[in-house]
Amino acid sequence: MGERNCLEGELDRFGYSYDASFVSLSARHKPEMVVRPATVEEVSHLLSLAYENEIPVTPRGAASGRTGGSIPLAGGLALSMDRMTRIWELDEANMMVTVEAGARTADVYDFCAARGLFYPPDPASWKFSTIGGNIAENAGGMRAVKYGVTKNYVMGLEVVLADGTVINTGGKAIKNVTGYDLTSLFVGSEGTLGIITKAILRLIPMPKKRGTIQVMFAELEEGCLAVQQMLVSGITPAAAEIMDRICLTAVAKHKNLTLDSSFGACLIIEIDGSDEKELERQTKAIRAIAEGLKAFRFNVAQDSKEAEELWAIRRGVSSAIAALAPDRIGEDISVPRSAFPEVVRRINAIAQRHNLTIAVYGHAGDGNIHPSILCNLKNPEEERRVHKAVEEIFDAALAVGGTLSGEHGIGITKKPYIRKALGDEGVKTLRAIKEALDPKGILNPGKIW
Amino acid sequence: MELLNKAEKIVNACDRCGTCLTVCPLFEADGIERTAARGKNAIVRALGSAILEPGEEALKALDYCLLCRACVDACPGKVQTDEAVIYARQFLTDKMGGAKGKYRLIGRFLGSRNSIKGMGHVLSLLRRLKINRLLPLGLLPDEYLTAVAGPIILGSHTNKTSHESFRVEKVAYFEGCGMRLFFPSVAEKTKSLLHATVRRLSIPDNFCCGLPHLAHGLMEDFIRLSEKNVALFSDFDVIVTDCASCGSTLKHLARFIPTKEAASFSQRVMDLSEFLVKMGYTPRRQEDLSFTYHDPCHLIRGQGIKWEPRKLLSQAGDLREMSGADVCCGGAGSFHLDYPLAAKHILARKKVSIEATGAKMVITGCPGCMIQLSKLSIPVCHLSQVI
């Protein structure tokens, strides 16, 4: 593979020891070697060697994951997919694209968009994260409310199994019940069952028109209700993002703006359709719902620049919040849509009980919430309170029928809580699958449970 | 340790998201994590928490940086990786017993006005005799000495000179070493442009701006030179420079020299394009002239100057915007000498962008970029040569 593609230097190995999670840097997380294969044959050969010699293998896309999924916990090989970026084929008749796992999601999106086709999954990291990583984590994004998540677009996969065997799952046939649905099994498997090297992705026609609307409410609850009423009445926004008062204050501070103190929640909605008329119809319906809920302000972006400005508020929220405190623990719970206001109430109570600031923003359209605990982890007493609060947030999510993670995966950071969500029997079932596919336990060891 | 603390404080704001991976020209070239800003930030953090040992390898990793600030620009949290890299380089350099011989040599050479002038004469003589090109590549004095043009050192986000009380009674020209050594005829053009716009122009015998020193672990020399320049220009209303690197360095002194005088000095520094637009200068239009413009890192991200050169150029001729005009050309001071392969790779991408415009020449505002872009077959000019 060449010297540049097998890195052994200490500094190089260190570079592959972390991801975008809050797992602290550690010398123990360094892989023993970084390998950067360029073909499926190379991946297969590496895996067969690793299998024979029982060497742990931790696959990695852009290391933009939020739960430690690509951190090598047991040394061995860090398998970087960054050189496998080819777009193999665009099948316009079937509206499908075949890409290598290391291709950046944004590059795939752009490639398809240039031909009038739409790959909708848009995790916040889509500009730099890879398709392989998105599939391994079953990444979501803002468009999930209307268009679903990554798994809804994966038609088939090329996977290298633990012993180096290459299999192909699924295919271009829409209907396919031949054997177990292995494609779905590998989607969201966090690199523990096999190395995804190639994917066939389903595409849809690109919506012709898009519009952006911003609505301000007094309370978060009203914003959530607005989204519910929209969906029930048949208006499905392409995205419906909500931010609470703490987020708004943070954004205002970050951008040096003054904020009307009566604003308690901001809802940003994207609508799309085939023509202006359809957008107008949706806008009118949304306006009626917002007015029924006593919205303060109803802004319709007049051009793409204004739309961009509105979305910049949402995209800037994460770093604006991060600037408020030395540390930020961002979570990713997901609940049934109707339980959104209830779980936020519970989160606010948790914040009060533990004397912490917890900002809440998320995808109101699909019930995926990102509570962010703003804290200083250097203070051990505060750290204890933070951990307690995290646990209670998970309890709250489970209590209303939700789950630990909507789109980030379990990785390392949510491991301690998985039994609460799945029960012992559930985890045992996961383990049985893992043992069947990776009997020596070399693939991404130490993750999920 | 104080230097490392300063660097650490900056990189602690990095949450490792990966946004910088898409904009770093070096990461684009080699794809290895330690190259990107995220990798460098993690190295600094690891040095601070004893996960990595300070040493040659760490310095090598941090040295491999254009300081082009593309990462800072893209970063959602605006983490000033370039600044952290400079502090960490100084920390590691000190730790290892001082700057490398070649940097010390260059630093000493640039620290003296006489040696720059002397070398300027030698180079112009070689040029006049047209024998400079005959020298083999490795010995070509042009090439070796460009190491002094220096990469970047910039501060907080782009800041322009404030002109609350814009006085132009006493205007001075700051002649950078890069201009003096390699482009003396361009410097003459700049001077005549300034003569045409102000009543009285002074050309004090300035010292090097100190950027090469700052970038390569010679911070004390940088401070010494800066203090001399601050004193030399204390009496001028405006200090104009036609070198983007000098300009951005001079505008950000306050970060390293916390005196009122240094802050006041920085406030009075202006880039040539900024100054000419402010003065209402309108170039004469040459109808048959078509060019494209390359943004020097130190101008667009170092000083936030984007539209001024474009305004002047669109008045002067047919300005054809290239894609990725603000992407580093790979020159970056001595970078192109230290890492010729990476610099060549970056330049090759620039070449494609330039050629796609069909323009007859490329214009820029920094001698560092001019040296690098001269390696292409298309003519390269400084802004002051076409307006």
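Scanning region A:108-150 for residues being among the aliphatic types (A, V, I, L, M) and farther than 17 Å from A:ASP272 by Cβ gives a total of 8. The residue list A:THR150, A:THR105, A:THR98, A:THR165 contains one member that is outside the structural domain of A:ILE268 (by TED's automatic domain parsing) and more than 23 Å from the chain's Cα centre (by Cα), which is A:THR165.
Each residue in region B:313-332 was checked for being buried (at least 20 other Cβ atoms within 10 Å of the Cβ) and over 24 Å from B:THR22 (Cβ atoms), and 3 pass. Within region A:316-337, the set of residues being without any contact (Cβ under 8 Å) to a residue 60 or more places away in the chain and assigned to a helix (DSSP H, G or I) comprises A:ALA322 only. Could we say that A:VAL145 is out of contact with any Phe, Trp or Tyr (no Cβ under 6 Å at 6 or more places or on another chain) and either part of a loop (DSSP other than H, G, I, E, B) or within 14 Å of chain B (Cβ to nearest Cβ) (or both) here? For A:VAL145, the condition - out of contact with any Phe, Trp or Tyr (no Cβ under 6 Å at 6 or more places or on another chain) and either part of a loop (DSSP other than H, G, I, E, B) or within 14 Å of chain B (Cβ to nearest Cβ) (or both) - is not met.
Only a single item in (1) more than 17 Å from the chain's Cα centre (by Cα); (2) touching a residue at least 24 places away in the same chain (Cβ under 8 Å) is not met by A:ALA139, and it is number (1).
Against the list (1) outside any loop (DSSP other than H, G, I, E, B); (2) modelled with pLDDT under 95, the condition B:LEU313 fails is (2). Of all residues in region B:79-121, exactly one satisfies the criterion of being surrounded by fewer than 21 Cβ atoms within 10 Å (Cβ to Cβ) and among the acidic types (Asp, Glu), namely B:ASP94. The set of residues in region B:352-387 being assigned to a helix (DSSP H, G or I) and within 20 Å of the chain's Cα centre (by Cα) consists of B:PRO367, B:GLY368, B:CYS369, B:MET370, B:ILE371, B:GLN372, B:LEU373, B:LEU383, B:SER384, B:GLN385. Going through (1) within 14 Å of chain B (Cβ to nearest Cβ); (2) charged (D, E, K, R); (3) more than 28 Å from A:THR236 (Cα to Cα) one by one, A:GLU137 falls short only on (3). Number of residues in region B:252-266 that are more than 18 Å from the chain's Cα centre (by Cα) and either over 27 Å from B:PRO309 (Cα atoms) or surrounded by fewer than 18 Cβ atoms within 10 Å (Cβ to Cβ) (or both) equals 7.
Return the residue satisfying two criteria in turn: it lies in region B:12-38 and is in a helix (DSSP H, G or I) and closer than 20 Å to A:ALA322 by Cβ, and of such residues it is farthest from the other protein chains (Cβ to nearest Cβ). Let's see the steps before the verdict.
Filtering region B:12-38 down to residues in a helix (DSSP H, G or I) leaves B:19-22, B:25-30, B:33-35, B:37-38.
Narrowing further to those that are closer than 20 Å to A:ALA322 by Cβ: B:19-22, B:37-38.
Working: B:THR19: 6, B:CYS20: 8, B:LEU21: 5, B:THR22: 5, B:ALA37: 12, B:ARG38: 8 Å.
Here the answer is B:ALA37.
Name every residue in region A:100-123 that is within 14 Å of chain B (Cβ to nearest Cβ) and without any contact (Cβ under 8 Å) to a residue 24 or more places away in the chain, in order of residue number. Those that are within 14 Å of chain B (Cβ to nearest Cβ) and without any contact (Cβ under 8 Å) to a residue 24 or more places away in the chain: A:ALA106, A:ASP107, A:TYR109, A:ASP110.
Of all residues in region B:47-61, count the ones that are buried (at least 22 other Cβ atoms within 10 Å of the Cβ) and more than 9 Å from chain A (Cβ to nearest Cβ).
Let us first name the residues in region B:47-61 that are buried (at least 22 other Cβ atoms within 10 Å of the Cβ), namely B:47, B:52, B:58, B:61.
Next, from what is left, pick out any that are more than 9 Å from chain A (Cβ to nearest Cβ): B:47.
Residues that pass the stated criteria total 1.
Considering the conditions (1) aliphatic (A, V, I, L, M); (2) within 14 Å of chain B (Cβ to nearest Cβ); (3) crowded, with 18+ Cβ neighbours inside 10 Å, A:ALA339 is excluded by exactly one of them, (2). Here the condition is being within 14 Å of chain A (Cβ to nearest Cβ) and either at pLDDT below 95 or under 25 Å from A:GLU3 (Cα atoms) (or both); of B:GLY77, B:GLY98, it holds for B:GLY77 alone. The condition of being of a type in the set (Gly, Ala, Ser) and more than 29 Å from B:LEU312 (Cα to Cα) holds for only one of B:ALA187, B:ALA231, B:ALA172, B:ALA196, that being B:ALA231. Comparison of B:ARG310, B:ARG301, B:ARG284 shows that the only residue that is under 14 Å from the mean Cα position of the chain (by Cα) and either free of Cβ contacts under 8 Å to residues at least 40 places away in the same chain or buried (at least 24 other Cβ atoms within 10 Å of the Cβ) (or both) is B:ARG301.
For residues that are in contact (Cβ under 8 Å) with a residue 12 or more places away in the chain and of a type outside the set (Phe, Trp, Tyr), tally how many sit in region A:256-291.
Start the filter on region A:256-291 by keeping residues that are in contact (Cβ under 8 Å) with a residue 12 or more places away in the chain, which leaves A:260, A:262-276, A:278-279, A:282-283, A:285-286, A:289-290.
Then drop every residue that is not of a type outside the set (Phe, Trp, Tyr), which leaves A:260, A:262, A:264-276, A:278-279, A:282-283, A:285-286, A:289-290.
Counting residues in region A:256-291 that are in contact (Cβ under 8 Å) with a residue 12 or more places away in the chain and of a type outside the set (Phe, Trp, Tyr) gives 23.
Answer yes or no: is there a residue in region A:44-55 that is in contact (Cβ under 8 Å) with a residue 12 or more places away in the chain and part of a loop (DSSP other than H, G, I, E, B). Yes, the conditions are met somewhere in region A:44-55.
Counting only residues that are under 19 Å from A:PRO207 (Cβ atoms) and hydrophobic (A, V, I, L, M, F, W, C), region A:137-169 holds 4 of them.
Counting just the residues of region A:17-38 that are touching a His at 6+ places or on another chain (Cβ under 9 Å) and not small (Gly, Ala, Ser), which one comes out nearest to the other protein chains (Cβ to nearest Cβ)? Filtering region A:17-38 for residues that are touching a His at 6+ places or on another chain (Cβ under 9 Å) and not small (Gly, Ala, Ser), the one nearest to the other protein chains (Cβ to nearest Cβ) comes out as A:TYR18.
Could you say whether any residue in region A:87-106 is in a loop (DSSP other than H, G, I, E, B) and closer than 30 Å to A:SER338 by Cβ? Please lay out each step first, then the result.
Taking region A:87-106 first, the residues in a loop (DSSP other than H, G, I, E, B) are A:92-95, A:101-103.
Next cut, closer than 30 Å to A:SER338 by Cβ only: none.
No, region A:87-106 contains no residue that is in a loop (DSSP other than H, G, I, E, B) and closer than 30 Å to A:SER338 by Cβ.
Contact annotation: residue pairs with Cβ atoms under 6 Å, 6 or more positions apart or on different chains, pairing a residue in region A:58-77 that is more than 9 Å from chain B (Cβ to nearest Cβ) and among the basic types (Lys, Arg) with a partner that is crowded, with 24+ Cβ neighbours inside 10 Å and not in a loop (DSSP other than H, G, I, E, B), are A:ARG60/A:ALA78; A:ARG60/A:SER80.
Which residue out of B:VAL44, B:VAL72 is modelled with pLDDT of 95 or more and either in contact with a Gly (Cβ under 7 Å, 6 or more places away or on another chain) or in a helix (DSSP H, G or I) (or both)? Outline the logic, then answer.
Values: B:VAL72 fails: modelled with pLDDT of 95 or more.
Residue meeting the stated conditions: B:VAL44.
Consider A:LEU310 carefully, then state whether it is away from chain B (no Cβ under 14 Å) and assigned to a loop (DSSP other than H, G, I, E, B). So A:LEU310 does not fit the description; no. Determine whether region A:415-429 contains at least one residue that is under 13 Å from A:GLY188 (Cβ atoms) and out of contact with any strand residue (DSSP E or B) (no Cβ under 8 Å at 6 or more places or on another chain). Within region A:415-429, not a single residue is under 13 Å from A:GLY188 (Cβ atoms) and out of contact with any strand residue (DSSP E or B) (no Cβ under 8 Å at 6 or more places or on another chain).
Take the residues in region A:1-16 that are of a type in the set (A, V, I, L, M, F, W, C) and not in a strand (DSSP E or B), then tell me which one is farthest from the other protein chains (Cβ to nearest Cβ).
Step one: list which residues in region A:1-16 are of a type in the set (A, V, I, L, M, F, W, C), which gives A:1, A:6-7, A:11, A:14.
Add one more test, that the residue is not in a strand (DSSP E or B), and what stays is A:1, A:11, A:14.
Working: A:MET1: 13, A:LEU11: 5, A:PHE14: 6 Å.
So, considering only residues that are of a type in the set (A, V, I, L, M, F, W, C) and not in a strand (DSSP E or B), the one farthest from the other protein chains (Cβ to nearest Cβ) is A:MET1.
Among all positions in region A:313-325, there is no residue which is more than 14 Å from chain B (Cβ to nearest Cβ), crowded, with 22+ Cβ neighbours inside 10 Å and touching a His at 6+ places or on another chain (Cβ under 6 Å).
The values are calculated or read from the model by the stated rules, or taken from the named source; none is laboratory data. Computed from a predicted structure; not experimentally measured. Cβ: placed from backbone, ideal geometry, glycine included. Neighbour counts: every protein chain shown.
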